[in-house]
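In what follows, a structure is listed as structure tokens, so that the remarks can point back to it.
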Amino acid sequence: MKSGFTLVEALLSALILGAAIVVLLAGASRCLAVMKAAKNYQTAVWVAGLGEAEHPFVATNDLEFLKVDRETLENGFSYERTVEEDEDEDGLYVVRTRVTWPGRGGRIMQEETARYVWVEKKE
């Protein structure tokens with residue numbers, strides 16, 4: 001009897017090796033996607049910090065001073081800050097700071113923080 005692999009054994013080993021390579025490539029691809037998402041989130045935090053440095057959030061009775069129109073940076077990230085009145089109309093306002101950027105497939109990704117500002121009503 002000759003020593004060596006039969007055709008079935010060789011095909012089975014090639015199938016197992018191919019499946020292992022597919023699993024490894026899928027894992028590496030997913031790892032790269034997670035790294036890209038982490039990079040985008042870190043950049044969004046950096047853009048929010050940059051926006052806060054350029055337009056500081058200070059205690060003021062002038063709510064228009066807190067608003068910041070959308071500013072877009074070269075890398076596609078944009079920063080804006082809006083002021084919305086609370087439903088109760090008790091002088092409480094919601095200040096939303098939003099950073100948006102283009103995601104995969106044309107989706108718009110965003111990171112948002114909200115703060116509350118109370119302005120005493122003048123009678």
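Couple of notes before you dig in:
- Among the residues making up the stretch 79-110, those that are among the aliphatic types (A, V, I, L, M) and closer than 20 Å to Thr60 by Cβ are Val83, Leu92, Val94, Val95.
- Of the criteria (1) surrounded by 13 or more Cβ atoms within 10 Å (Cβ to Cβ); (2) farther than 30 Å from Arg30 by Cβ; (3) at pLDDT 90 or above, which one Val119 fails: (3)
- Residue within the stretch 51-69 that is β-branched (Val, Ile, Thr) and over 23 Å from the mean Cα position of the chain (by Cα) present: yes
- Of all residues in the stretch 99-122, those that are over 22 Å from Val45 (Cβ atoms) and among the small types (Gly, Ala, Ser) total 2.
- Residue list for the stretch 114-123, filter: farther than 22 Å from Leu50 by Cβ and either without any contact (Cβ under 8 Å) to a residue 12 or more places away in the chain or basic (Lys, Arg) (or both): Lys121, Lys122, Glu123
- Every condition in (1) over 30 Å from Gly106 (Cβ atoms); (2) of a type outside the set (Phe, Trp, Tyr); (3) at pLDDT 95 or above is met by Val22 except one, and the failing one is (1).
The values are calculated or read from the model by the stated rules, or taken from the named source; none is laboratory data. Keep in mind the model is a prediction, meaning the values are calculated, not measured. FYI the Cβ positions are ideal-geometry reconstructions off the backbone, even for glycines, and counts take in every protein chain you see.
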